[in-house]
């Protein structure tokens, strides 16, 4: 079953929320500066959302690991 683009967008946003919080926390531990950590997270959230969306759409075109649904049901 193919995924609609809006499903990929929803998955992108939810995953980036988790990932960005992780980046901010790690950046804070490394720099000790919350403003710097938030800046890093702000840049990262935009770039990685775009990259993940296209990565997800590309994988949706690959049949590896998918099971073909029958053309009909009885």
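Read the figures in this text as sums done on the coordinates, not as results from a lab. In this text the structure is predicted, and so the values were computed from the model without any measurement. Quick reminder, even Gly has a Cβ in these numbers, built from the backbone with ideal geometry, and neighbours come from all protein chains shown.
Taking every alpha-carbon pair under 8 Å whose residues sit at least 6 apart, the chain reaches a relative contact order of 38 percent.
Helix 34-61: angle to the longest alpha-carbon principal axis of the chain, degrees 0 to 90, nearest 10? The answer is roughly 10 degrees. Under 18 Å from a point placed 7 Å out from the Cα of residue 6 along the Cα-to-Cβ direction: which residues of region 41-60 have their backbone N that close? 57, by backbone N distance to the label point.
Legend: translational diffusion of the chain by Stokes-Einstein, Rh = Kirkwood radius over C-alpha pairs, 20 °C, 1.002 mPa s; D = 149 µm²/s. Once the Cα atoms of helix 5-31 and of the chain are each reduced to a long axis, what angle between those two axes, in degrees from 0 to 90 to the nearest 10, is obtained? Once rounded, the angle reads 20 degrees.
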